[in-house]
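Enquirer: Have a look at this one.
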Amino acid sequence: MPRALISVSDKRGIVAFAQELVRRGWEIVSTGGTAALLRSEGIAVTAVDEVTGFPEILDGRVKTLHPAVHGGLLGRPDIPEHARQLEAHGIATFELVAVNLYPFRATIAAPNVSFEDAIENIDIGGPSMLRSAAKNFAHVLPVVDPRDYGRVLELIAAGPIPLTVRQDFAAKVFTHTADYDNTIAGYLTPREDALPERITVAMERQQSLRYGENPQQRAGLYVTEEPRGIGDLKKLQGKELSFNNLLDIDAAMLAVSAWRRLPACAIIKHTTPCGIALGRSAAEAFTKARATDPVSAFGSVIAFNTVVDRAVAEATADLFVEVVVAPAFHEDALAVFANKKNLRVVELPVPSDSSHLDWKRIRGGFLLQEAFAFDPSEEEWRIATKRHPTEAEWEDLRFAWAAVSTVKSNAILLARSEAAVGIGAGQMSRVDASFLAVHKARQVGHDPAGTVLASDGFFPFPDGVEAAAAAGVTAIIQPGGSVKDPEVIATADQLGLAMILTGKRMFRH
């Protein structure tokens, strides 16, 4: 009778999986909570302590670290001496191991988790069983992912499992345990040295893509286990997502993540906003964001930080859009979107924080930094000019400061009524970015007079301020920090502008 060792923290699908194994004549050996769950469902289970002849000890820290378990995982019945020793010690082999690990990543992501709780959620026995089974994959099938249970049952039903398939399952195990260990290492790294000395990244190919940025480039989507990341994406309708779609989806959801108070909408082209706004409803936010630059909105990715309803779907109906992405969709919205068969509708959580690391690939290596997190705090802000912003200007300055953080540097954003009306992105000089923001506003019929301006970096010369004032801008928010700050502020005073210095730069290369 073949034996399966089952010990899982993530219980998804495990009851049905075990029931089917038993129906096919397998013996189930299990531990603790998993064994209790299976028994409660009427599944015959042999407890691990019956196999080892030794009880679980140390609050469950030691239960499977025993020769009766690991001998059954590592023993090779095709080697006569192994077979002799297994028989001599009364050790039966396992043919399958289904194990997943204590939820360390989810534990440390919880607010106010204690260091002691985090340490207790470092799994020792689970990785040991998985690694033993994966090393002996020719004889023991290691299963670490609940999503693979159906495939495993199909493979068992089809007959002997090919060695190449077994090897693939083993590789998945070692990738998973490497990522698990790396997460622990990152957590244990002292806070004053947030970037670890060495790092291993484990990623699994979630899907192959038709091509990359251009048709001649092959591409695939690889995901980590980072919570609320691209691995949580659900495509609800539409064509296959492309490489460029996925880049824009990620940028779009980051663009709307700065706001919780009001619905936000960002319209993304080539990973930077061509429209961004807040509204009293998602539909109003979209209407205002589209008005930023209606021409560039064609063929865009549109993101929301809130549920998308029928009003949004109807408001977007006349516009060609590549993707609509939001954390949730009403059924009546999906019914409207269904009229556009090629429109991709994607569900993806809004990023909750930026505690992860940000990678930039360069030839022969990587640059690594703490991910950018927009900081709404105004503690370091100061009014640098004689004129103070009006109440309406303050509201727009706060919006513009958050919005410009999502724009490629050099970035200038003009705003009115919590909506962008002109964006200058990715320019080589800040004065050019100012000129472009004003030009884009006027190009689509917006009057820049009376707007506020946000800049992601300091003004190195007064010319950017002069260009803004000439267009009718009344207030500016920028980091400051230039040796020319006194000259820039004096120019703002001469021109009657209000200027806020935030003390924080927000470059986005």
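Enquirer: If I model the chain as equal point scatterers sitting on the Cα atoms and use the Debye formula, what is log10 I(q)/I(0) at q = 0.06, 0.13 Å⁻¹?
Expert: For the chain, the Cα-only Debye profile gives -0.40, -1.20.
Enquirer: Which FRET efficiency, nearest 0.05, do R260 and R23 yield, Cβ-Cβ r, R0 51 Å?
Expert: 0.55
Enquirer: Could you give the size of the charge dipole of the range 3-193 about its Cα centre, using +1 on the Cβ of each K and R and -1 on the Cβ of each D and E, expressed in debye and rounded to the nearest 20?
Expert: 500
Enquirer: Could you tell me what percent of the DSSP beta bridges with both partners in the range 382-501 are antiparallel, to the nearest 5?
Expert: 60
Enquirer: I'd like the antiparallel share, as a percent to the nearest 5, of DSSP beta bridges with both residues in the chain.
Expert: That works out to approximately 55 percent antiparallel.
Enquirer: Identify, among N339, V8, P196, the residue whose Cα sits farthest towards the positive end of the charge dipole of the chain, taking +1 on the Cβ of Lys and Arg and -1 on the Cβ of Asp and Glu, with the dipole about the Cα centre.
Expert: Toward the positive end, the furthest listed residue is N339.
Enquirer: Additional query: Between their Cα atoms, which of K360/K484; K11/K135; K269/K340; K288/K484; K11/K341 are more than 26 Å away from each other?
Expert: Distance filter (> 26 Å) returns K360/K484; K288/K484; K11/K341.
Enquirer: Can you work out ³J(HN,Hα) from phi for every residue in the range 206-216, in order, using Karplus 6.51 cos²θ - 1.76 cosθ + 1.60 and θ = phi - 60°, giving whole Hz and x for Gly and Pro?
Expert: 3J(HN,Hα) across the range 206-216, in whole Hz: 7, 6, 7, 10, 4, 6, x, 4, 10, x, 7.
Enquirer: Moving on. About the Cα centre of the chain, what is the dipole size in debye to 20, counting +1 per Lys and Arg Cβ and -1 per Asp and Glu Cβ, all else neutral?
Expert: The calculation lands at about 1220 debye.
Enquirer: Please tell me the relative contact order of the range 382-501 in percent, rounded to the nearest whole number, where contacts are Cα pairs under 8 Å and at least six residues apart.
Expert: Relative CO of the range 382-501 lands at 29 percent.
Enquirer: Continuing with the same structure: When DSSP beta bridges are limited to those with both residues in the range 231-347, what percentage is antiparallel, rounded to the nearest 5?
Expert: Of all bridge pairs located within the range 231-347, approximately 60 percent are antiparallel.
Enquirer: Based on Cβ point charges of +1 for Lys and Arg and -1 for Asp and Glu, what charge dipole magnitude is obtained for the range 360-509 about its Cα centre, in debye rounded to the nearest 20?
Expert: Computed charge dipole of the range 360-509: roughly 680 debye.
Enquirer: With an 8 Å cut-off on Cα pairs and a minimum separation of 6 or more residues, tell me the relative contact order of the chain in percent.
Expert: Reported relative contact order: 8 percent.
Enquirer: The chain: longest stretch without exposed chymotrypsin sites (Phe, Trp or Tyr not before Pro) (DSSP loop, at most 15 other Cβ within 10 Å), sites themselves excluded?
Expert: Answer from the scan: 1-210.
Enquirer: Taking all pairs of distinct Cα atoms, average 1/r, flip it, and tell me the Kirkwood hydrodynamic radius of the range 371-509 in Å to one decimal place.
Expert: Hydrodynamic radius (Kirkwood, Cα pairs) of the range 371-509 is 14.2 Å.
Enquirer: Using the C-alpha gyration tensor of the range 231-347, what are the square roots of 5 times its eigenvalues, in whole angstrom, with the largest one first?
Expert: Those come to 17, 16, 14 Å.
Enquirer: Continuing with this model, one more query. With an 8 Å Cα cut-off and a minimum separation of 6 or more residues, compute the relative contact order for the range 231-347 in percent.
Expert: Relative contact order here is 29 percent.
Since every read-out is calculated from the coordinates, none of them should be taken as a lab result. Everything quoted here is computed from the prediction, not taken from an experiment. Counting neighbours? That spans all protein chains shown, and the Cβs are built from the backbone with ideal geometry, glycine included.
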